[in-house]
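Novice: Here it is, the structure in full.
The values are calculated or read from the model by the stated rules, or taken from the named source; none is laboratory data. Since we're looking at a predicted model, the values are computed, not measured. Using ideal geometry, Cβ is built from the backbone for each residue, glycine included, and neighbour counts are taken over all protein chains shown. Remember, those area values only see protein heavy atoms, side chains included, never the ligands or the DNA or RNA. Shrake-Rupley method; radii C 1.70, N 1.55, O 1.52, S 1.80 Å.
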Amino acid sequence: MQELAALGARASVCTDCRLSETRTNVVFGVGRPDADVMMVGEAPGRNEDLEGEPFVGAAGHLLNRLLAEVGMGREEVYIANVLKCRPPGNRDPRPDEIESCKGYLRGQLDLVDPRVVMTLGNFATQLLLRTNTGISRMRGRTYRWWRDKVLIPTFHPAAALRGGERVTDQIREDLALMRSVLDSMDAGEGVLAEPEQLGLF
Ligand code: URA
């Protein structure tokens, strides 16, 4: 998909915010350009910054393992983050950085055009669903989103690494929900989702 590659090339030389001064690599996204499912995380960490690929560290390994449990390979989905550059010391993204960067994520959503979007953690969930509500209250259900996509928020896998088996099990539940939504879509069945028609952020 040429347009996606062109957007990635533009991002790779982006200097729109301060993070361009401290990054090693821009971490644009990885996966099938025509994926049915897009996962959206927060921002690259140390390993991602060094390798230029999202979710390649400990959180990524957990994500890969949990995806495999619902019968999906990492290569089947498209994976991106809200921020394309690592915040120094893995601090939280700042509002002006999200603002500068969000055009890239918007472009990825437009071009990949997945049927299901999974937001991982507070930053992605709050940006895409335009809410201040925390992830614990948002997760566990489907939202009908922009262009009739189904959005399913879940915890960030790094939270599972800190929070143990209970958080991991909740991510498992949300991934199983994603799997069943895809299966219903494949069967041409309707998908139950709160009619929360939201425009793109
Ligand atoms: N955490 C994220 O949100 N994204 C990554 O790519 C890695 C860790």
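Novice: Looking at (1) acidic (Asp, Glu); (2) open to solvent by 70 Å² or more (accessible area, probe 1.4 Å); (3) free of Cβ contacts under 8 Å to residues at least 12 places away in the same chain, which is the only condition ASP169 fails?
Specialist: (2)
Novice: Mind telling me which of the residues ASP113, ASP96, ASP92, ASP49 ends up being modelled with pLDDT of 95 or more and closer than 18 Å to ARG147 by Cα?
Specialist: Checking each option against the conditions leaves just ASP113.
Novice: Could you check, for the stretch 134-142, whether at least one of its residues is open to solvent by less than 10 Å² (accessible area, probe 1.4 Å) and either within 16 Å of ASN64 (Cβ to Cβ) or part of a helix (DSSP H, G or I) (or both)?
Specialist: Scanning the stretch 134-142, I find no residue that is open to solvent by less than 10 Å² (accessible area, probe 1.4 Å) and either within 16 Å of ASN64 (Cβ to Cβ) or part of a helix (DSSP H, G or I) (or both), so the answer is no.
Novice: Please work out if LEU111 is surrounded by 15 or more Cβ atoms within 10 Å (Cβ to Cβ) and in a helix (DSSP H, G or I).
Specialist: So LEU111 fits the description; yes.
Novice: Keeping to the stretch 37-46, report how many residues are more than 9 Å from the ligand (Cβ to nearest atom) and in contact with a helix residue (DSSP H, G or I) (Cβ under 6 Å, 6 or more places away or on another chain).
Specialist: Total meeting the criteria: 1.
Novice: Tell me, please, whether a residue that is more than 16 Å from the ligand (Cβ to nearest atom), crowded, with 16+ Cβ neighbours inside 10 Å and part of a loop (DSSP other than H, G, I, E, B) can be found in the stretch 148-159.
Specialist: Yes; the residues of the stretch 148-159 include at least one that is more than 16 Å from the ligand (Cβ to nearest atom), crowded, with 16+ Cβ neighbours inside 10 Å and part of a loop (DSSP other than H, G, I, E, B).
Novice: Which residues, counting only those in the stretch 47-67, are open to solvent by 50 Å² or more (accessible area, probe 1.4 Å) and more than 9 Å from the ligand (Cβ to nearest atom)?
Specialist: Across the stretch 47-67, the qualifying residues are LEU50, GLU51, HIS61, ARG65.
Novice: Can you pull out every residue in the stretch 68-83 that is open to solvent by 20 Å² or more (accessible area, probe 1.4 Å) and outside any loop (DSSP other than H, G, I, E, B)? Let's see the steps before the verdict.
Specialist: Filtering the stretch 68-83 down to residues open to solvent by 20 Å² or more (accessible area, probe 1.4 Å) leaves 68-71, 74-76.
Matches in the stretch 68-83: ALA68, GLU69, ARG74, GLU75, GLU76.
Novice: Does the stretch 81-97 include one or more residues that are more than 16 Å from GLN108 (Cβ to Cβ), in contact (Cβ under 8 Å) with a residue 40 or more places away in the chain and away from the ligand (no atom under 14 Å from the Cβ)?
Specialist: Yes: one or more hits.
Novice: For the stretch 6-20, check the following and say yes or no: at least one residue is within 12 Å of the ligand (Cβ to nearest atom), under 23 Å from LYS149 (Cα atoms), open to solvent by less than 60 Å² (accessible area, probe 1.4 Å) and aliphatic (A, V, I, L, M).
Specialist: No, because not a single residue in the stretch 6-20 is within 12 Å of the ligand (Cβ to nearest atom), under 23 Å from LYS149 (Cα atoms), open to solvent by less than 60 Å² (accessible area, probe 1.4 Å) and aliphatic (A, V, I, L, M).
Novice: Out of all the residues in the stretch 1-23, which are within 30 Å of MET72 (Cα to Cα), part of a loop (DSSP other than H, G, I, E, B) and at pLDDT 95 or above?
Specialist: SER12
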